[in-house]
Amino acid sequence: MKLPAFFIAHGSPVLALEDNEYTRFLERLGQDLGTPRGIVVFSAHWDSPEQLITVDAEHETQHDFYGFPEEMYSLTYPAPGDPALSSRISELFNQSNLSHQPVLGRGLDHGVWVILKKMFPQADIPVVALSVDSLRSPEEQYTIGRMLAPLREEGILLLGSGGLVHNLRMLKQDDQPESWAQEFDAWIAKGLESWDLPSLFAYEKKAPHVRDAVPSYGREHFVPLFYIMGTADAGRQAQLMIQAYQYGTLSLNCWMVD
């Protein structure tokens, strides 16, 4: 059965410890999806000019953050890797002449394991992580995602982990969203629901409040959207599953594409 693909905001790492509307949604989503044969994640926390692929049979858990509660550093997500799935991804990239490299020993960054810990807490489904390149054009990012579309019919769940609104320098003490963040999310939603690629690809020029929503230091959190959209190019359907906010300037949303 063909699986849908998802863009999922991972928010702050403390999401792994929280129990709220968004984390409960992620738990339900994992239950509804059952047990995919494998999971492939484009992670905002692996930004590289070359396409990289984890090829490990086992993963360490990266604690790639600072200044968080001590409990965060004891959390693990010991999901296995899947070298055969990594090879299949390499094969698909080769078919499109995309330069890419295998990477051993990287482990899973928090962009990957924070959401998976909520969705699939047993950590028993193989995971392959993929890098993103925040400096590629949106068209190129979309095209790379499209290369992996066949995996959706092979029992593989494709995820993009990041954040559509991701401004760490304007965080608030409460979760009440800033009006500009809501306006930006609404503009993106309109583009996704109509699959308006010309507008979305030109988001840096056309989207309202884009400098606040996607600051230059945080572009890597936005671009997994284009990778995951590419995996659904054949159907071009998008559905907003949930919309919430964390600290006012971190957008917590999940988009399903099919």
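Quick notes on this structure:
- For region 130-258, the Kirkwood estimate of the hydrodynamic radius, built from every pair of different alpha carbons, is 14.8 Å.
- The amide H of residue 133, built 1.01 Å from its N in the peptide plane, has 48 as neighbours under 5 Å, considering only residues 5 or more places off or on other chains.
- Extended-chain gain in nm, criterion 0.36 nm per residue less alpha-carbon gap, residue 197 and residue 72: 41.2 nm
- One quarter of the convex hull surface built on the alpha carbon atoms of the chain amounts to 12.3 nm², the projected area averaged over directions.
- Karplus 3J(HN,Hα) series, Hz, for region 197-207 with 6.51 cos²θ - 1.76 cosθ + 1.60 (x for Gly, Pro): 4, x, 5, 5, 5, 9, 4, 5, 9, 10, 6
- For residue 99, the shell of other residues with beta-carbons less than 15 Å away shows a net charge of -3, using +1 for Lys and Arg and -1 for Asp and Glu.
- Straight-line cross-link reach from residue 117 at under 27 Å between alpha-carbon atoms covers these lysines, not counting any fewer than eight positions away in the same chain: 2, 172.
- Partner lysines whose Cα lies under 17 Å from the Cα of residue 205, excluding those fewer than 8 positions away in the same chain, are identified as 190.
- The chain: calculated mean residue ellipticity at 222 nm from DSSP helix runs of at least 4, using -39500 (n - 2.57): -9000 deg cm²/dmol
- Taking each residue as 0.36 nm, the span from residue 124 to residue 47 lengthens on full extension beyond its C-alpha to C-alpha distance by 25.1 nm.
- Remark: relative contact order (the chain) = 32 percent; criterion is Cα-Cα distance under 8 angstrom and separation of 6 or more residues.
- As a rough guide to protection, the peptides 113-120, 86-93, 14-21 ranked by mean Cβ packing within 10 Å, highest first, stand as 113-120, 86-93, 14-21.
- Peptide ranges 47-54, 105-112 listed from the most packed, as the mean C-beta count within 10 angstrom indicates: 105-112, 47-54
- Hz values of 3J(HN,Hα) by residue in region 183-188 - Karplus curve (6.51, -1.76, 1.60), Gly and Pro given as x: 5, 5, 4, 5, 5, 4
- Difference of contour (0.36 nm per residue) and Cα-Cα distance, residue 175 to residue 57: 38.6 nm
- By the Cα gyration tensor, region 31-136 has an equivalent ellipsoid whose semi-axes, rounded to whole angstrom, run 24, 17, 12 from largest to smallest.
Quick note: the coordinates plus some simple rules give every number you see, no bench work behind them. Small disclaimer: the values here were computed from a predicted structure and weren't measured. Please note: Cβ atoms are built from the backbone with ideal geometry, for glycine as well, and neighbour counts cover all protein chains shown.
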